[in-house]
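Have a look at the structure below, then the notes.
The values are calculated or read from the model by the stated rules, or taken from the named source; none is laboratory data. These numbers were taken from a predicted model, which means no experiment stands behind them. Note that we place each Cβ from the backbone using ideal geometry, even for glycine, and neighbour counts take in every protein chain shown.
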Amino acid sequence: MSATRTEKDALGDYPVPAEVLYGIHTRRSMDSTPMAGRPVHHGLIRAYGTVKLACVQTIHELGRWDAHTYAAIVEACNEMREGLLDAHIKVDALQGGAGTSTNMNVNEVLTNRALQILGHPPGSYDILHPVLDLNCYQSTNDTYPTALRVAAIAGIRLLEQAVIALQEAFEDREKAFADVVKVGRTEMQDAVLTTMGRSMSAYAEAFSRDRWRLYKCEERLRVVNLGGTAIGTGIGAPREYIFRVTDVLRRLTGYGLARAENLVEATQNTDSFVEVSGILKACAANLLKCAGDIRLMASGPDAGLGELTLPALQTGSSIMPGKVNPVIPEAVTQAAIRVVANDLALTQAAALGNLELNAFMPLIADSLLDSLSLLTAACDRFARLCVRGLEVNADRCARHTSGSIATATALVAPLGYKQAESVLAESRATGRAIADILEQGGLMSREAFAALITPESVTRLGSPTPATHSDNTDRVEPVPPDAHSNGGTGSTPSAEHKHTEHTPPCKLWQRDCWDTQIRDARHYEEKWAYVVLNPVRQSLVKTPSEWPSQGELNVLRW
């Protein structure tokens, strides 16, 4: 039987393995509430080490501990910050007490580790005590939410980088697939022609919005209640400590943290976590939609759409030879579904807080940090193992466009709806190509029809204007050869996009969601910050001094 040490609390004596760094509070929690069967998220543990270090430094500045003891505590806190003590945080992720079990587990581990550094065995609490020293001037109710905010900010910054990488991956595929015309579909039915590049650009733009939302939502987490202790009144803590500790934490983290003006409010309300979780759910929704689309377009390879080919990562079946499954889109889909579920759990936990405290902080923390980890992993693997390696099946796309309703739709502008419908019906009844029917019927030359379904034509903004001819045939106005220098991913220059004294000459001026984002950035007085923090866009816009006036925001050079 392994050696034990006996520790004592208000409930009596309790045996603890002799050499472990945790103590009686952790041991009781381990024995009473193993709910989830998994430990506290590592991000929360490491953030807690940072919060404790800020508290310790502030307390030492006020005169507590000799230099030798203080140095040992600081070393223990730094080890926790670096993840070296993760294995010693034993309490379950889901626990009662609003996170008290986690706070006490942290206090005990830091105390006993500092005791080891000082040359004393764990449990020598007459020298250094988990409550009297490591929890001095603190409460679970201010340190736990603060640690969660620090952990969430770190997680958001990691997720932001993963989202940027995913956006860039789709932009890379946008360029690679710019010249491949495909059938665009609505309600799972053929609709109009587009390009695979344009489809990729839509996904890139969606994740660009996610990146912007993540950047903005960090603000919701910067206000902390550290120093408020039990319910936000700061009971048990001197005013000097309350005024200093958040500043120390801000220096340690490098985050723009600020003490809440109303510490009582900040201690009991958790709606900011709901707001951030909603942003994560929006990202999950984009991942769900995008992964589903990729999976659908790669279906087959023989009897499905087969327009995309995914990188082959695993054999797909123990019984069906040659089968390769879309494992990455499927894994991403499941991660996104979990994030949506986490958002619901977090929202309910936040709403169920009572009076001066929310007892369900552990569920809020577990849900939020789990969502951040899942989304970061999903975006990273989606970009690296799937999107970057996507290949387009141009022949399959061409076969789908031949004789499709989507192709016939391109004839509506020059021929009219009824005539286009008639041509399509004849093509389907006879099996003849639409180009043959048009030419043989004297409706349009083969060259004019081909011009209608080029990548440039199907991605232009609006319908082409029919030219007037003496023979009253329906030839369409050709697209200028240099009008789409980016491979057809932009819109045709319209009247307001033409060269003026304010706009240097270039081949393409594009109106898209970018001008909306710039207006949004101006609204927050951070228009240049958005560009600087988004490396994907840095090379695509001009510096602030060169930006056009508000009336010209829709002609930023692409």
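Of all residues in region 40-64, those satisfying the criterion of being buried (at least 17 other Cβ atoms within 10 Å of the Cβ) and over 27 Å from residue 371 (Cβ atoms) are 55, 56, 57, 58, 59, 60. Taken together, the residues in region 425-443 that are charged (D, E, K, R) and touching a helix residue (DSSP H, G or I) at 6+ places or on another chain (Cβ under 6 Å) amount to 2.
When the test is whether a residue is over 22 Å from residue 145 (Cβ atoms) and part of a helix (DSSP H, G or I), residue 249 does not pass it. Can you work out which of the residues in region 370-385 that are buried (at least 24 other Cβ atoms within 10 Å of the Cβ) and either among the aliphatic types (A, V, I, L, M) or modelled with pLDDT under 95 (or both) is farthest from residue 204 (Cα to Cα)? It comes out as 372. Being in contact (Cβ under 8 Å) with a residue 40 or more places away in the chain and surrounded by 22 or more Cβ atoms within 10 Å (Cβ to Cβ) is the requirement here; does residue 291 meet it? Spelling it out, residue 291 is indeed in contact (Cβ under 8 Å) with a residue 40 or more places away in the chain and surrounded by 22 or more Cβ atoms within 10 Å (Cβ to Cβ). Might you check whether a residue that is touching a Leu at 6+ places or on another chain (Cβ under 6 Å), in a helix (DSSP H, G or I), surrounded by fewer than 24 Cβ atoms within 10 Å (Cβ to Cβ) and hydrophobic (A, V, I, L, M, F, W, C) occurs anywhere in region 127-143? The answer is no; no qualifying residue exists. Taking each residue of region 403-419 that is buried (at least 16 other Cβ atoms within 10 Å of the Cβ) and looking for partners that are basic (Lys, Arg) and in a helix (DSSP H, G or I) with beta-carbon atoms closer than 7 Å, six or more apart or interchain, yields 403/428. Do we have any residue at all in region 253-260 that's part of a helix (DSSP H, G or I) and in the same structural domain as residue 349 (by TED's automatic domain parsing)? Checking region 253-260: at least one residue is part of a helix (DSSP H, G or I) and in the same structural domain as residue 349 (by TED's automatic domain parsing). Taking the conditions (1) assigned to a helix (DSSP H, G or I); (2) surrounded by 15 or more Cβ atoms within 10 Å (Cβ to Cβ) in turn, residue 325 satisfies each one other than (1).
Just to be sure before I move on: is residue 63 touching a residue at least 24 places away in the same chain (Cβ under 8 Å) and of a type outside the set (A, V, I, L, M, F, W, C) in the structure I sent? Walk me through it before giving the result.
On the way: touching a residue at least 24 places away in the same chain (Cβ under 8 Å): no; of a type outside the set (A, V, I, L, M, F, W, C): yes.
It is false that residue 63 is touching a residue at least 24 places away in the same chain (Cβ under 8 Å) and of a type outside the set (A, V, I, L, M, F, W, C).
Table: residues versus (1) among the basic types (Lys, Arg); (2) outside the structural domain of residue 118 (by TED's automatic domain parsing).
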site: 130; (1), (2): no, no
site: 149; (1), (2): yes, yes
site: 167; (1), (2): no, yes
site: 177; (1), (2): no, yes
site: 184; (1), (2): no, yes
site: 198; (1), (2): yes, yes
site: 210; (1), (2): no, yes
site: 221; (1), (2): no, yes
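Apart from one condition, residue 422 fits all of (1) touching an Asp or Glu at 6+ places or on another chain (Cβ under 9 Å); (2) at pLDDT 90 or above; (3) not aliphatic (A, V, I, L, M); the exception is (1).
Per the conditions (1) free of Cβ contacts under 8 Å to residues at least 40 places away in the same chain; (2) in contact with a strand residue (DSSP E or B) (Cβ under 9 Å, 6 or more places away or on another chain); (3) aliphatic (A, V, I, L, M), the sole criterion not satisfied by residue 11 is (2). Every test in (1) assigned to a helix (DSSP H, G or I); (2) closer than 20 Å to residue 227 by Cβ is passed by residue 98 save one, and that test is (1).
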